[in-house]
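Please read the structure below before turning to the comments.
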Amino acid sequence: VQSQALPPLAQAEPPPPPPPPVQARPVPPVVVTTVTGPVVAVSGKPKVYVVKSGDALDAIARKLDTTRADLAKDNDLEAPYRLKLGQELKGPATKGKAYVVQTGDTLTAIAKRFNVTAAALAGENDLKASSAIRKGQKLVLPEGFKDKGPIKTTVPGTAAPVQTAAPAAAPRPTTSTRPAEPVRSAPVPAAEADEVERAPAAITTTTTSLSVTGSVVTVTGPRQVYSVKSGDTLSSIARRFDMSVSDLADDNKLDADKTLRLGQKIKGPATSAKAYVAQGGDTLTAIAKRFNVTPKALAAENDLKVAATLKKGQKIRLPDGFRDKGPIKTTTTTTRPAPSSGSDAPATGTAERPALTPPAPVPYTPAPRPVTPPVNSYPRPSAPVAAQPVTPSAPTRPIIESSAAPTEAEIIASGRGKFAWPLQGEIISDFGIKGTGQRNDGLNIRAAAGTSVLSAADGEVAYAGNQVPSFGNLVLVKHADGWVTAYAHLGSSDVKMRQQVVKGQQLGTVGATGGVTEPQLHFEMRFAPTAKDKARPVDPNLVLPK
């Protein structure tokens with residue numbers, strides 16, 4: 001509470017009685033159903049066959065369930081149909097299943113319904129995991145999907161404020177006029193005094209993060225190798241490999257007329273194998289855990305050491321007998337004392353802090369009647385929050401300070417076409433004043449934990465940390481022309497202060513840190529028309545793509 005001068009009084013009067021206490025009435029949880037679109041039949045991608053040594057067009061046509069003439073026509077082949085080792089031949093189109101996108105759907109949520117990874121679903125449709133999707137769009141489902149039905153999420157009910165009867169006002173004592181004396185601090189309301197005496201309750205936060213989220217792809221494996229045994233001939237080994245004698249001889253640089261040596265190694269056609277595409281932060285130990293193999297076996301399969309550092313995009317071959325258990329979920333529970341007051345957010349280049357200097361002392365002088373002291377401003381939430389007792393407390397600053405609002409025309413003229421959505425998901429709290437008397441300075445977007453959060457435009461990281469408890473892991477990016485964007489409640493952060501970032505670069509992942517109860521991103525945009533102005537919150541819908 002800041003010190004301030006008491007108003008002049010003719011007679012000293014006690015402060016007004018505190019407002020009646022507000023109690024929270026529990027509201028039952030709400031079940032929200034999402035990803036409710038239908039599944040339809042579509043024409044899938046054509047079958048593809050990779051030519052191996054000894055293959056003939058007739059045999060390949062039989063494998064692809066088509067005719068020799070159709071296979072030649074589909075691949076623009078001409079007689080005498082000479083095939084090359086490793087050549088890819090397209091067969092007839094397959095029949096597949098597709099999901100019809102509904103409003104608010106995301107690739108991550110759809111992947112969850114069909115028990116596949118977001119990366120696999122995106123790859124099947126030639127998209128990125130962060131790509132925007134539109135209502136009515138058909139997304140082809142990867143092989144092996146399992147439809148678990150629409151996703152049902154239970155949202156805990158928020159507490160509805162109920163005002164109780166105000167206590168009876170105390171009788172006013174009659175006192176005489178006093179001479180002037182130095183200023184005193186404004187009295188602390190009774191409700192706030194109770195908060196000071198009461199120890200803050202502990203807050204338990206449970207955060208679930210996903211790791212080892214890469215996709216599984218098919219790669220060319222090692223060639224088959226056969227050790228010559230007594231009685232073996234090149235013809236018998238060629239039949240074993242399902243290839244011609246001449247091709248087997250050519251591949252091994254052998255003379256078809258010469259006798260083979262006992263124990264001689266004969267190389268056959270290449271095999272196909274499965275590989276995992278490494279993501280940032282993956283380790284061989286973590287990948288081995290996902291695929292139910294030992295780190296030692298995984299390292300040996302790839303000629304690596306168990307402690308080897310992996311690069312993003314590196315393909316790690318999986319040993320025989322692996323079993324994909326899906327991305328690893330890690331749940332962390334932390335307990336911390338509830339903050340007694342808000343914390344200051346870091347400043348940015350366009351966001352100035354207001355002065356905190358207390359008012360100068362004013363002599364106490366008599367006056368005809370009391371004047372109601374000004375009301376403090378209160379912190380504004382970043383997400384839908386449970387209604388709480390309205391108790392005056394020390395003012396808390398929002399993420400980025402602001403001043404006079406620019407016009408809507410200025411905002412659109414400066415920002416339209418420069419920014420992109422940080423992710424795609426359901427907006428669970430939009431910009432502006434809420435029904436509880438609170439205000440949201442941005443948008444809260446629901447997404448699965450671990451979803452990539454991307455920079456809305458090129459810029460410089462002005463802040464990256466977790467020093468603002470209500471916002472959890474927070475990243476601020478300063479852009480050109482007086483713009484600042486904020487990304488809060490992150491599960492993890494991938495950038496550091498003063499780092500230059502480009503539009504679409506991953507800043508971190510979706511989480512549930514700070515004052516929220518489910519994974520989401522709180523996204524703010526601030527704009528200062530000139531260098532002298534303070535950055536002020538604007539509705540992101542004015543400048544982001546529709």
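The values are calculated or read from the model by the stated rules, or taken from the named source; none is laboratory data. What you are looking at is a predicted structure, and each value in this text was computed from that prediction instead of being measured. Counting neighbours? That spans all protein chains shown, and the Cβs are built from the backbone with ideal geometry, glycine included.
Before moving on, here are some points about what is shown:
- Output for the stretch 101-135, where each listed residue is surrounded by fewer than 18 Cβ atoms within 10 Å (Cβ to Cβ), in contact with a Leu (Cβ under 8 Å, 6 or more places away or on another chain) and among the hydroxyl-bearing types (S, T, Y): S131
Matching residues to (1) touching a strand residue (DSSP E or B) at 6+ places or on another chain (Cβ under 7 Å); (2) within 21 Å of G221 (Cα to Cα); (3) not assigned by TED's automatic domain parsing to the domain that holds G54:
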site	(1), (2), (3)
T259	no, no, yes
A278	yes, yes, yes
I287	yes, yes, yes
D303	no, yes, yes
Q314	no, yes, yes
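- When the stretch 113-131 is filtered for residues that are in a loop (DSSP other than H, G, I, E, B), among the aliphatic types (A, V, I, L, M) and more than 14 Å from the chain's Cα centre (by Cα), the ones remaining, listed by number, are V116, L127.
- Among (1) buried (at least 18 other Cβ atoms within 10 Å of the Cβ); (2) in a loop (DSSP other than H, G, I, E, B) - the single one G263 does not satisfy: (1)
- Between K305, K258, the distinction of being modelled with pLDDT under 90 and either surrounded by fewer than 17 Cβ atoms within 10 Å (Cβ to Cβ) or more than 30 Å from T108 (Cα to Cα) (or both) belongs to K258 only.
- Pick from the stretch 523-546, criterion under 28 Å from S452 (Cβ atoms) and in a loop (DSSP other than H, G, I, E, B), ranking: farthest from the chain's Cα centre (by Cα): A535
- Output for the stretch 31-72, where each listed residue is more than 16 Å from E88 (Cβ to Cβ) and of a type in the set (K, R): R62, R68
- Annotation: of all residues in the stretch 132-142 being assigned to a loop (DSSP other than H, G, I, E, B) and not charged (D, E, K, R), the one that is nearest to the chain's Cα centre (by Cα) is A132.
- Tally of residues being closer than 16 Å to L83 by Cβ, among the acidic types (D, E) and loosely packed, with under 13 Cβ neighbours inside 10 Å across the stretch 33-70: 1
- Residues (over 26 Å from P529 (Cα atoms) and either of a type in the set (A, V, I, L, M, F, W, C) or part of a loop (DSSP other than H, G, I, E, B) (or both)) located in the stretch 439-459: I445, A447, A448, A449, G450, T451, V453
- When the stretch 461-505 is filtered for residues that are surrounded by fewer than 17 Cβ atoms within 10 Å (Cβ to Cβ) and either hydroxyl-bearing (S, T, Y) or part of a strand (DSSP E or B) (or both), the ones remaining, listed by number, are G465, N466, Q467, Q500.
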